[in-house]
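What follows is one structure encoded as structure tokens, with my remarks underneath.
The values are calculated or read from the model by the stated rules, or taken from the named source; none is laboratory data. Everything numeric in this text was worked out from a predicted model, so none of it was measured. In this analysis, Cβ positions are derived from the backbone assuming ideal geometry, glycine residues included, and neighbour counts consider all displayed protein chains. When the accessible area is computed, the model is the full protein with side chains, heavy atoms only, and any ligands, DNA or RNA have been set aside. Shrake-Rupley method; radii C 1.70, N 1.55, O 1.52, S 1.80 Å.
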Amino acid sequence: MHARVMQQHLMLLLLLATTATSMEYTGRIPAYTRGPQPNFMIPARNLANGVTFFGSHERLRLAMDRLARGDRTLVAVTGGSNTVGHGALNGFGWPVYLDHWLRDTFPAASVKMFNGAVAGSTSEYMSVCTLMHVPRNASIVVLEYGHNDLHHTSGHEPMDNPQRRPFERLVRKVLNYPNRPAVILLNAYAWHETSPFKGAYWDNAEHAFSEYSSYYELPSLSVKACCYHLMRNNTPGFRIDVRNRTPETAEELKWETFYSDGVHGSGDTGHRVMAELLIHSLMLAQASLKFQPISEADRSAAAAPLPPPMVPGNDAGTSDRCLIGRYLTKAVSGDHPGWAWVDESRAGQQAKLGFVSNTTGASISFKVDTTSQIARSGAPKLKAEGEATATQETAGVVTVGIMHLQSYEGMGKGTISCGNGCTCSGEQGRLTIDGHDGSRKVSQVHMHSLFASQAKECVITVTVAGETSSGGHKVKVQGIFVSEEAVSDGSGSAWDPAVSNGVLGLVDEIKGDLVEAHIG
């Protein structure tokens, strides 16, 4: 096996020369062209530097062999706003470039691309809602969280903390999918957003992700390892001397600056770079098949059980903990008179689904799995139902988020209770959701967080309260989330970016089913 890996490394060194077109800059990056052999804007040596870990990549070899044989292949991408495609001026978001190359290179294969990214989201959200955003039949999965996840953690536990544990659980969930997909880490870099100064090389989460990359043998790609010095030198296509492209400078800066707004790559440069890093890594795996066809050793390595979690005890749960759309309707427990599942959208609008009641005293219950293998301390301990004394405590709690509507008129309050073997508590006693917000005339989805003890079938009940600050009693419940972490402040901060940036709209758009990306 050692000799085989050494042989692969030697082959990859040879392949670098055949898969990357060496170039010198003459004042303008090469034009984008479609086809199996990209006209790379990244110089060959920088492409090589951008592959920060490749490993033995058996899963990726199997995925490329699948494509070469013309099999149906699903590629799933998820991450933050870069993966959504924000900032893609004068070009495409990086998933579109990737989709173009896959279709051009493997015309006989039925290639399907799913983009489950949510702007502003972190791996904490995605580790809970994986099944909503990453299809289980994926053969290649790209994760992009190097910028959105917390860049640096405090204290003496750099990996065993609420910011890093979720990323490992996300990785483990996807690696255990039925097709044993190849998981690739794509790490973006936001020059203008780093601290303590612009261009601080170390300021993203990539340094922590590199530990997971080598531990789980995940190919890892890095924008900064590839392109930092090109940026520093303001090389055309990678310039960072101008932060934003404005309507007045858009044409002048076309093919020049890397970012369109200081955070997101521009479509003609930054997004193209991220796509080229991915395409280059796929081409390396593709070319290796010519030298060394798929063997039983490849299949055995891909099928092997995962190692224990790198962070002890940090195994991923298998139950569905992201209850939106039809998943929420399936979680309803018992009858619920006075409540109705409705779509409150107007003609031509995106669907606005949820359970609604205007009836004081009306209750609706949801059966939710709140068990967790990794619930830690840091949140209030709760007495288990039926305990005789207040000194007895449960082993740990999880954070539950109830997604509900807030608006400026007609909205009421709902009280929350837990039963069937679990108890719940809110920070400062907050076990009431308030749908009224008269500070501005907008209607928005809000996440109310609480702590719940662990139970396989915890029943969470929302009851329309008699008390109201608006004169109305309307309560609308739109989703329930269960984190495997106990967030210490109960603020729900891990959920809010995902909620406010459209995850509910994505699910509503297709009436509660997984969203297929509109690539093209």
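Running Debye on segment 96-228 with equal point scatterers at the Cα sites and no solvent, what base-10 log of I(q)/I(0) appears at q = 0.13, 0.14, 0.17, 0.19 Å⁻¹? Debye intensities relative to I(0), on a log10 scale: -0.59, -0.68, -0.98, -1.18. Model label points for E344 and T415, set 7 angstrom from Cα along the Cα-to-Cβ axis, are 2.3 nm apart. Given +1 at the Cβ of Lys and Arg, -1 at the Cβ of Asp and Glu and no other charges, the dipole of segment 93-213 around its Cα centre is 500 debye to the nearest 20. Across segment 23-75, Cα-Cα pairs more than 12 Å apart make up 76 percent of the total. Close amide H contacts of F40 (hydrogens built in the peptide plane, cut-off under 5 Å, sequence separation of 5 or more or a different chain): T21. For K352, K474, the ranking by accessible surface with the largest value first comes to K352, K474, using a 1.4 Å probe. Of all DSSP-defined beta bridges confined to segment 136-292, some 20% are antiparallel rather than parallel.
So if I take the centroid of the Cα atoms in segment 435-469 and the same for segment 55-77, what is the distance between those two points in Å? When both Cα centres are located, 44 Å separates them. Percent of C-alpha pairs per 5 Å bin in segment 123-171, short distances first: 4, 19, 29, 22, 13, 7, 4, 1. Computing Rg and the Kirkwood Rh from the Cα coordinates of segment 161-309 gives a ratio, Rg/Rh, of 1.05. Between segment 169-205 and segment 83-120, the alpha-carbon centres lie 18 Å apart. Residues whose amide H falls under 5 Å from that of L89, counting only those 5 or more places apart or on a different chain, are G267, D268, with hydrogens built in the peptide plane. When you restrict to C-alpha pairs under 8 Å that are six or more residues apart and normalise by the size of segment 197-318, the relative contact order lands at 17 percent. Rounded to the nearest 10 square angstrom, D149 shows an accessible area of 0 square angstrom against a 1.4 Å probe. Sorted largest first by accessible area at a 1.4 angstrom probe radius, with every protein chain in place, the residues R136, R245, R169 fall in the order R136, R245, R169. Computed with every protein chain present, the accessible area of S357 is close to 0 Å² [probe 1.4 Å]. Given contacts defined as C-alpha pairs under 8 Å and at least six residues apart, what's the relative contact order of segment 81-209, whole-number percent? So the answer I get is 25 percent. Exposure check, 1.4 Å probe, all protein chains in place: D335 carries approximately 140 Å² of accessible surface. With each label modelled as a point 7 angstrom along the Cα→C-beta vector, the R34-S295 pair spans 3.8 nm. Only alpha carbons enter this Debye calculation for segment 62-110, each as an equal point scatterer, and the log10 of I(q)/I(0) it gives at q = 0.17, 0.24 Å⁻¹ is -0.57, -0.87. For segment 83-126, the relative contact order works out to 37 percent when only alpha carbon pairs closer than 8 Å and six or more residues apart are counted.
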